[in-house]
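Take a look at the structure below.
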Amino acid sequence: MNIYYEGFFILNDLDSKLAKPIQYKHATTEYRPKELHTHLYGKTANFAIIGYGCDGVNEGYKVALLSCEDEELEKLYSNIPVPHITLSVSSEGKAKDTRNLNFKDYHDGTIIKAKASNQHSISE
C-alpha cells in the first residue's frame, strides 16, 4: 500500500466554496513518508483558524496548533512550512498549492479537532 501523506484529519464539518470540496480535509504532516508513524494514528489535536485564503483556484484555512496528545505529533507539526487545510479547489486546482495562498487574518474562534492518520486509514 502506497501512503502518499500523513496528517491531522479534520473531524469538524467545514464549508467550502469552490467546485471540488476536499473529502478528507487535513493538515499534512509528511508527504510520501519514508517511515510511517502508525503508533500516532488516532491521537488527537486541536487547531485554531488564523487565516483564510481563496484565489478562485484553491481555498483553505491557515491554522495554528493549540493542543496535541503527543509531543512527537507536535514535532511533526513544527516541520510544516505553512500549516493549512485545503477546503476546496476548482477543476484546475491542486490541493498542494493551497499553501501558496495569500492568507488574510481570520479569527472566528472556531476550534478544529483532528486526529492523526494517513489517507488510506481515514477512508476505511
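The values are calculated or read from the model by the stated rules, or taken from the named source; none is laboratory data. Since this is a predicted model, take the numbers as computed values, not measurements. Cβ atoms come from the backbone with ideal geometry, glycine included; neighbour counts cover every protein chain shown.
Overview of values
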| quantity | calculated |
| --- | --- |
| Residue check for LYS25: of a type in the set (Lys, Arg) and under 15 Å from the mean Cα position of the chain (by Cα) | yes |
| Subset tally (residues that are modelled with pLDDT under 95 and in contact with a Gly (Cβ under 9 Å, 6 or more places away or on another chain)) for the range 36-68 | 0 |
| Qualifying positions in the range 1-34 - touching an Asp or Glu at 6+ places or on another chain (Cβ under 9 Å), exposed (fewer than 14 other Cβ atoms within 10 Å of the Cβ) and modelled with pLDDT of 90 or more | LYS17 |
